[in-house]
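The values are calculated or read from the model by the stated rules, or taken from the named source; none is laboratory data. Quantities reported herein were computed from a predicted structural model and do not represent experimental measurements. Note that we place each Cβ from the backbone using ideal geometry, even for glycine, and neighbour counts take in every protein chain shown. Quick note on the areas: whole protein, heavy atoms, side chains included, nothing else; ligands and nucleic acids left out. Shrake-Rupley method; radii C 1.70, N 1.55, O 1.52, S 1.80 Å.
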Amino acid sequence: MEKLDWANLSFGYIKTDYNVRSYYKEGKWSKPRETTSEEVTMHMASTCLHYGQEAFEGLKAFKGKDGKVRIFRMRENALRLIASCQGIMMAELPVEIFEEAVIKAVKLNEHFVPPYGSGASLYIRPILFGTSPQVGVKPSTEYQFIVFVTPVGPYFKGGFKPTPVVILRSYDRAAPLGTGTIKVGGNYAASLVAGNKAHELGYSAVLYLDAKEKKYLDECGPANFFGIKNNTYITPKSTSILPSITNKSLMQIAKDMGLKVEQRLILEEELSTFEEAGQVGTAAVISPILRVDDLEENKQYIISKNGEAGSISTKLYNKLRAIQLGDEPDKYNWVTVLD
Ligand code: PLP
Ligand code: COI
C-alpha cells in the first residue's frame, strides 16, 4: 500500500485491496465473497447498460480514538437500496447480505480506514445492477451486487467553509413522480450537465427547485438542503428528493438539542429569511451555504453574512461527527462497531 496523506485526501477513487460481490441467479443471492479484481465483465445487452437498471448507496466508516472502526447507519442504507430495487424492478437484496458484504469489505481493507483526527473517512460504495441480456424494455433476470471502499476527504473543497450554490431554472434533476426518491444512477446522469455548469460558474452545487411549479426548494445536486431560523431546523418535503440518512439523523439531533424541526414546502423566497443553511449528505456531511444565486431571475440570497459557518450548523456538525467517531456514546444505536 502506498503511503497516503490522510489529511489531504480528496473525494476520489483510491484502489484498495478487496471488494466484495454477491450474484443473483435463479431467484437466489449468493454468499458475498471477496475479490481483488477491479473489473466487471458482463453481457453487452445487460439491462444496466441499456435501460439504466442500476442503483447505488454511499455510507462511511470511521476510526475512533480507541482504534475501533465504526460504520454509520448501515441498516438504513440497506433499506434504501431495497427501495431503489423496487423502484426500477431489480431483485431486492436482503438486508443481511448487504450488511455482511459491507462489514467484510471494511474489515478486509481495514488499513485503509483513515486514522482518528485526520478528518478523512472510508467511503463505502455498494452498487447493484442488472446483468442479463434484454433488448425489449424489460427487467433483468440476473443481478450483481458489489461493495467497494475507498478512503476519502471532504466532498466540497474547503470542507466546512461555506460555499455558494446556484438555482438553474432550465434544468430538473428528477420528475415530481419519477425516480428522485431512490438512488439510481440515472438521476445522477440527469444532473451532470447542470452540475458541470454550476462548477464552471464557481458554485459548489445546483440547488434544484421543484420540477412542477419551480417555486419550492427541492435539494442540492448530491445532498439535501436545510435552513435554520428562529431556532428551527427546516428541510424540504418533496416527492422528488432522496430521503437523506444524514438529514434524518440531523433532524433527530436538532430535536434533542432543543430546536424545532419542520419538514415542509419551502418557497424559494424564504431563503432570504434563513440565518443559516447547508447541504447535508454522507459525502457532504454538512456543507454550509454562503449564498444562493438564482441566475435567470437575477436574485441573490446571502445566507452567511460573515463568510463563516453559523453556530447551529457548527453544533450539529460537531455532534454528528462525535457520534460517528465514537467520541460520544451512541445513544441512538446508529453505529456498528467492528470487532
Ligand atoms: N440527495 C442526493 C441526491 C444524494 O445523492 C445524497 C447522497 O447520498 C443525499 C441527498 C444525501 O443522502 P445521505 O445522507 O443518505 O447520504
Ligand atoms: C453520498 O453522499 O454518498 C453520495 O452519494 C453523494 C455523491 C457522491 C453521489
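Dipole size of region 163-325 about its Cα centre, with +1 on Lys/Arg Cβ and -1 on Asp/Glu Cβ: approximately 500 debye, rounded to the nearest 20.
Volume of the convex hull of region 6-152 (Cα atoms only), normalised per residue: 103 Å³. In terms of its Cα atoms, region 129-178 spans 46, 35, 16 Å along the principal axes, sorted from long to short.
Its alpha carbons give the chain an Rg and a Dmax of 20.0, 59 Å.
Which of ASP172, ASP294, ASP66 moves most in a GNM of the chain, Cα contacts under 10 Å? Highest fluctuation among the options: ASP66.
THR239 contributes about 80 Å² of solvent-accessible surface, heavy atoms of the protein only, 1.4 Å probe. THR36 sits among other residues whose Cβ lies under 11 Å from its own Cβ, and their net charge, with Lys and Arg +1 and Asp and Glu -1, is -3. Looking only at GluC sites (Glu not before Pro) in DSSP loops with at most 13 other Cβ atoms within 10 Å, what is the longest site-free stretch of the chain? Here the longest segment lacking exposed loop sites spans 40-212. The charge dipole of region 236-288, taken about its Cα centre with unit charges on the Cβ of Lys, Arg, Asp and Glu (plus for the first two, minus for the last two), comes to roughly 320 debye.
Applying the Karplus relation 6.51 cos²θ - 1.76 cosθ + 1.60 with θ = phi - 60° to region 44-61 yields 3J(HN,Hα) values of 5, 9, 4, 5, 5, 7, 9, 10, x, 7, 8, 9, 9, 9, x, 8, 9, 10 Hz, where x marks Gly and Pro. When all protein chains stay in place and ligands, DNA and RNA are ignored, the 1.4 Å accessible-area order of LEU192, LEU271, largest first, is LEU192, LEU271. Annotation: per residue accessible area for region 6-152 equals 45 Å², rounded to a whole number [probe 1.4 Å, protein chains only].
Selection among PHE72, TRP29, ALA55 by position relative to the dipole of region 1-123 gives PHE72 as farthest towards the positive end (Cβ unit charges, Cα centre). Accessible surface area normalised per residue over region 163-325 is 41 Å², counting heavy atoms of protein chains with a 1.4 Å rolling probe. Spin-label pair ASP327-TYR188: with each label point 7 Å from Cα along the Cα-Cβ axis, the two points sit 2.9 nm from one another.
Per the Debye formula on identical point scatterers at the alpha carbon atoms of region 163-325, with no solvent, log10 I(q)/I(0) at q = 0.10, 0.12, 0.14, 0.15 Å⁻¹ is -0.32, -0.47, -0.65, -0.75. With both residues required to sit in the chain, DSSP beta bridges show an antiparallel share near 85%. About its Cα centre, the chain has a charge dipole of approximately 420 debye under the convention of +1 per Lys or Arg Cβ and -1 per Asp or Glu Cβ, with nothing else charged. Largest accessible area first, the residues TYR216, TYR233 order themselves as TYR216, TYR233 under a 1.4 Å probe with ligands, DNA and RNA left out.
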